[in-house]
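The values are calculated or read from the model by the stated rules, or taken from the named source; none is laboratory data. Quantities reported herein were computed from a predicted structural model and do not represent experimental measurements. A quick note on method: Cβ atoms are made from the backbone with ideal geometry, for glycine too, and the neighbour counts reach across all protein chains shown.
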Amino acid sequence: MPVQRGTHLKRLEDEAIHIMREVAAEFRNPVLLYSIGKDSTVMLHLARKAFYPSKPPFPFMHIDSTWEFQAMGEFRDRLFAELGFDLIVIRNDDGAKAGINPFDHGSNYYTNVMRTEPLKEALTRYGFDAAFGGGRRDEEKSRAKERVFSFRTASHGWDPKNQRPELWHIYNGRVAKGESIRVFPLSNWTELDIWQYIMLENIDIVPLYYAAERPVVERDGTLIMVDDERMVLEPHETPEHKKVRFRTLGCYPLTGAVESEADTLQEIVREMMIARTSERQGRVIDHDEAGSMEKKKREGYF
Amino acid sequence: MSAAEDFSAEAFGDYLESQQNKSFLRFITCGSVDDGKSTLIGRLLFETKLIFEDQLAAIARDSKKHGTTGDDIDLALLVDGLEAEREQGITIDVAYRFFTTEKRKFIVADTPGHEQYTRNMATGASTADLAVLLIDARNGIQVQTKRHAFLVSLLGIRHVVLAVNKIDLVGFDQARFDAIKADFETFAAAFEFETLQAIPISARYGDNVVAASQNTPWYDGPTLLAHLEGIEVESDLAARPLRFPVQWVNRPNLDFRGFSGTVASGSVRPGDAVVVAGSGREAVVSRVCTFDGDMAEAGPSEAVTILLDREIDVSRGDVLVPPDHRPDVTDQLAAHVVWMAEDAMLSGRPYLLKIGTRTVTATITDIKHRIDVNTFEHLAAKSLGLNEVAFCNISLSEDVAFDPYEANRETGAFILIDRLTNATVGAGMVWFALRRATNIHWQALDINKQTRAAIKGQKPVVLWFTGLSGSGKSTIANLVEKRLSAQGRHTYLLDGDNVRHGLNRDLGFTDADRVENIRRVSETAKLFVDAGMIVLVSFISPFRSERRMARDLVESDEFFEVFVDTPIEVCRERDPKGLYQKADRGELKNFTGVDSPYEPPEAADLRIDTTDGPAEDHAETVVAMLKARGVID
């Protein structure tokens, strides 16, 4: 059953559709950055709605860090086979060959080499002048001030002091050659909105969001899933089977699981509402140092 | 949210149901650094339990480093996001915060209060339905409070809360509160806010924020949160006439041609008659289509795709409206402008203006007066600096449809964009159409450009030759016209010298006259294009902005700029009319290249170096370009 007219979620849906149509109409060559996570899957769903009965008039692009959960790749391939949408997959093969991994090289360096740099390189190579991302303002402090149309320099940098004022629902999509805009149609959604929407719209998401028995080890207070044989265990570590789920998805060595019994959407939402820790805590990348997300954004990470 | 913890799995379904039906309020908080604005928002987030444990731990850590509250947790740190701001202890941008209660979902725009951040306040206010104005009970109404009230009113917010903060620091004194409230009501009467609620609060300790305070027994009004939860701010957009700005033409196949957009106001149903506001073309709505099925009716803020019963010319930027309630359609309007850029706004300089889904070129023709945001005084002004507000006359390159901002915030608002940097430099609110063009709706002519061009079997375009006097523009343009004519093309050549003998005989050579000279020629070229002709224009046209204006008058694929690039030394040597000699002797004033500048094109469609080869070859190059660009076969 789709969201009902006159509700908060319908307003958010309409706003996101409006934003996507503005981008399709004003930009020469937009792309939707698809991370396979729940937010970008909601974004994909909204793109289907925005242009129906046409197909979304832009391709989707996935930056494959080579360390993502296996279930994510499977989900992505099945989804795009069903929809018949254009998908570009970007992989830093040199980095993979050189064996860059989150265990030996640290999350900062690894994320930069396997995600941020390939993303920037691909945006430049394809000449995309607008890229949709699933960022939300409620996620993190530096994002609370993010624009819906976030201006990026030709080197894909983000200068928080040099962002355009954004008034009413009028978005300024003009860029010079080489410059681009990151577009966040979900800016005004909260995590709860996303889950409620997934539930109401019956949107298929990666099974990792649902609790199941999975092999995990505890590292520095975070539960890490042993997703494949590349996971190097410390001498004292033995994988244990625990009923866990993930609140966000990314590279498995950097994504903490939470112990949970929630194996239905309703249970997930209920659990989430009782939760006392915020979503990004499961991301190792955020608390490397204070203000770390802001630094990554300046460098071009989403 | 707290209730969720008590819910059994069974009852939870009902709870979610109620969650979805919550109403929604967007509000803005205004106040300066010391008024405790960030602390208030932090308090609201804290009290509605939206602060997670890890965030609290992070604030506790940060409070020791940057905090201003001693050993207490500094709630302001929750909302002051960027590193620079945390270090300076001030909020310098608009932050959006979210919280929810049992009754409502809220989006708060947290904006800085200093005068130099007027632009941020305008940004936050543009999407808000209510404003919370914070003042420090110790200081009472300040100059900045008046500024905030003015801006809030200017941006069309009709509901105001006067939060008299730090009431604890004046000993919860009722007389103090009453005096401040009376002061504010007196000066704000002119703004005619629909509701105005004064509340004594302490953001730091929570008095009257969520729970009624024991310390203010004399106050019997609502707490801040209760007021925010209860207030009705329903806009009257649904009751207004339909405005449907077309965003995107949806054409998946030959059988489906829909117009995608968001309903700005009013409603639309299958069977409704609509017209295109600019052209006056009429049709009947056949379907209101969405991914989730067709709708019987769509209202304000709903994103849909409209199908019409017949093929009429509709594209992005057009507005579908009812035939009997049309908006103003004009190219001259009066508006309030808030300037948002370091570089001053100048009368006469062209900017881009985006209103709804339409972008046109706009020139501020007259700054009627600047408004002092602190005293509301009207002052004379030639230009407008950052964070200044003015009432201006604006001239547009083509007609746009709009409503006065007061009547419709969706169709009466626009932004101004700098043409070189692409930055958003201004925000405007339309007051009225200058020429009152309401009743002279554009006649929808049955014979149009396409028809006329089709009879001639050609694509009408403008070939704009620019270059110094003596560069060889006219020679080449003549040869090009001959070649086109020989191929059976219908052409017309507008030559600078010739036009100055007739149409423009009243114009001299000052910068202002040169601009007018080009404007008339551009308009004439446009008429010829409309008549289906290939127009060759041979004019020095020294200024980029005017050539840009000429380009903007026609469709983007109908204009070709040919830069006849001859070095000034060569032109001087040729000097076919002896003009350079005269200019050198001081007999000719404002001569381009001598004592008046020539701005060469930055991205001409074609650049011709006349020092290389005969004029015939250059004419051939122009014809070849027209072939390559698909104008002629």
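Yes/no matrix, rows are residues, columns are (1) among the hydroxyl-bearing types (Ser, Thr, Tyr); (2) over 19 Å from B:PHE509 (Cβ atoms); (3) part of a strand (DSSP E or B):
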site	(1), (2), (3)
B:PRO542	no, no, no
B:ASP557	no, yes, no
B:VAL564	no, yes, yes
B:GLU569	no, yes, no
B:LYS577	no, no, no
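Yes or no, residue by residue, for (1) within 14 Å of another protein chain (Cβ to nearest Cβ); (2) within 25 Å of A:ILE170 (Cα to Cα); (3) at pLDDT below 95:
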{"position": "A:ALA47", "(1), (2), (3)": "yes, yes, no"}
{"position": "A:ILE63", "(1), (2), (3)": "no, no, yes"}
{"position": "A:PHE75", "(1), (2), (3)": "no, no, no"}
{"position": "A:PHE80", "(1), (2), (3)": "no, no, no"}
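Exactly one condition in (1) surrounded by fewer than 23 Cβ atoms within 10 Å (Cβ to Cβ); (2) within 12 Å of another protein chain (Cβ to nearest Cβ) is false for A:ARG137; which is it?
A:ARG137 satisfies all of (1) surrounded by fewer than 23 Cβ atoms within 10 Å (Cβ to Cβ); (2) within 12 Å of another protein chain (Cβ to nearest Cβ) except (1).
Quick one: in the stretch B:210-248, of everything that is assigned to a loop (DSSP other than H, G, I, E, B) and aromatic (Phe, Trp, Tyr), which residue is surrounded by the fewest Cβ atoms within 10 Å (Cβ to Cβ)?
For the stretch B:210-248, the residue satisfying everything is B:TRP218.
Just to be sure before I move on: is A:ILE17 in contact with a Phe, Trp or Tyr (Cβ under 8 Å, 6 or more places away or on another chain) and either among the β-branched types (Val, Ile, Thr) or within 13 Å of chain B (Cβ to nearest Cβ) (or both) in the structure I sent?
no
Identify all residues within the stretch B:284-321 that are among the small types (Gly, Ala, Ser), more than 11 Å from chain A (Cβ to nearest Cβ) and within 29 Å of the chain's Cα centre (by Cα); write none if there are none.
none
For residues that are surrounded by 15 or more Cβ atoms within 10 Å (Cβ to Cβ), without any contact (Cβ under 8 Å) to a residue 60 or more places away in the chain and not assigned by TED's automatic domain parsing to the domain that holds B:SER395, tally how many sit in the stretch B:308-351.
Count: 2.
Can you name every residue in the stretch B:389-433 that is in a strand (DSSP E or B) and small (Gly, Ala, Ser)?
B:ALA390, B:SER395, B:SER397, B:ALA401, B:ALA413, B:GLY426, B:ALA427, B:GLY428, B:ALA433
Is it true that B:GLY426 is small (Gly, Ala, Ser), assigned by TED's automatic domain parsing to the domain that holds B:VAL338 and surrounded by fewer than 17 Cβ atoms within 10 Å (Cβ to Cβ)?
no
Taking B:GLU555, is it out of contact with any helix residue (DSSP H, G or I) (no Cβ under 8 Å at 6 or more places or on another chain), under 27 Å from B:SER315 (Cα atoms) and charged (D, E, K, R)?
Taking the combined requirement at face value, the residue satisfies it.
Do we find that A:VAL3 is of a type outside the set (Asp, Glu) and touching a strand residue (DSSP E or B) at 6+ places or on another chain (Cβ under 7 Å) in this structure?
no
Across the stretch B:142-194, which residue is nearest to the chain's Cα centre (by Cα) among those that are touching a residue at least 60 places away in the same chain (Cβ under 8 Å) and either in the same structural domain as B:VAL389 (by TED's automatic domain parsing) or part of a strand (DSSP E or B) (or both)?
Top of the filtered list is B:HIS159.
Scanning for something farther than 13 Å from B:LEU468 by Cβ and free of Cβ contacts under 8 Å to residues at least 40 places away in the same chain, does the stretch B:589-600 turn up at least one residue?
yes
Scan the stretch B:251-259 and give yes if some residue there is surrounded by fewer than 16 Cβ atoms within 10 Å (Cβ to Cβ), of a type outside the set (Phe, Trp, Tyr) and either touching a Phe, Trp or Tyr at 6+ places or on another chain (Cβ under 9 Å) or away from chain A (no Cβ under 14 Å) (or both), otherwise no.
yes
Does B:PHE528 meet the test of being over 29 Å from the mean Cα position of the chain (by Cα), aromatic (Phe, Trp, Tyr) and under 30 Å from B:GLY457 (Cβ atoms)?
So B:PHE528 passes the test.
Please state which of the following conditions A:GLU26 fails to meet, knowing it meets all the rest: (1) closer than 27 Å to A:TYR210 by Cα; (2) within 14 Å of chain B (Cβ to nearest Cβ).
Result: A:GLU26 passes all but (1).
Being touching a Lys or Arg at 6+ places or on another chain (Cβ under 8 Å) and either surrounded by 15 or more Cβ atoms within 10 Å (Cβ to Cβ) or not charged (D, E, K, R) (or both) is the requirement here; does B:ALA381 meet it?
Yes: the conditions hold for B:ALA381.
Quick check on this structure: which one of A:LYS55, A:LYS10 is surrounded by fewer than 21 Cβ atoms within 10 Å (Cβ to Cβ), within 14 Å of chain B (Cβ to nearest Cβ) and part of a helix (DSSP H, G or I)?
A:LYS10
Yes/no per residue for (1) surrounded by fewer than 22 Cβ atoms within 10 Å (Cβ to Cβ); (2) within 30 Å of A:THR153 (Cα to Cα); (3) without any contact (Cβ under 8 Å) to a residue 60 or more places away in the chain:
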residue: B:GLU398; (1), (2), (3): yes, no, no
residue: B:ALA401; (1), (2), (3): no, no, no
residue: B:ALA407; (1), (2), (3): yes, no, no
residue: B:ILE415; (1), (2), (3): no, yes, no
residue: B:VAL430; (1), (2), (3): no, no, no
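If the requirement is being among the charged types (D, E, K, R), modelled with pLDDT of 90 or more and surrounded by 24 or more Cβ atoms within 10 Å (Cβ to Cβ), which of these qualifies: B:ASP129, B:ASP136, B:ASP207, B:ASP178?
Criteria check complete, one pass: B:ASP207.
Would you say B:ALA362 is in the same structural domain as B:ILE417 (by TED's automatic domain parsing), modelled with pLDDT of 90 or more and within 15 Å of the chain's Cα centre (by Cα)?
Judged against the criteria, B:ALA362 is a match.
Does the stretch A:109-128 include one or more residues that are over 17 Å from the mean Cα position of the chain (by Cα), within 14 Å of another protein chain (Cβ to nearest Cβ) and more than 30 Å from B:PRO300 (Cβ to Cβ)?
no
Within the stretch B:291-324, which residues are under 22 Å from A:GLU26 (Cβ atoms) and of a type in the set (Val, Ile, Thr)?
If the condition is that a residue be under 22 Å from A:GLU26 (Cβ atoms) and of a type in the set (Val, Ile, Thr), then B:VAL304, B:THR305, B:ILE306, B:VAL314, B:VAL319 are the ones that fit.
From the residues in the stretch A:151-183 that are in contact with a Gly (Cβ under 7 Å, 6 or more places away or on another chain) and among the small types (Gly, Ala, Ser), which one is farthest from the other protein chains (Cβ to nearest Cβ)?
Among those residues, the one meeting the criterion is A:GLY157.
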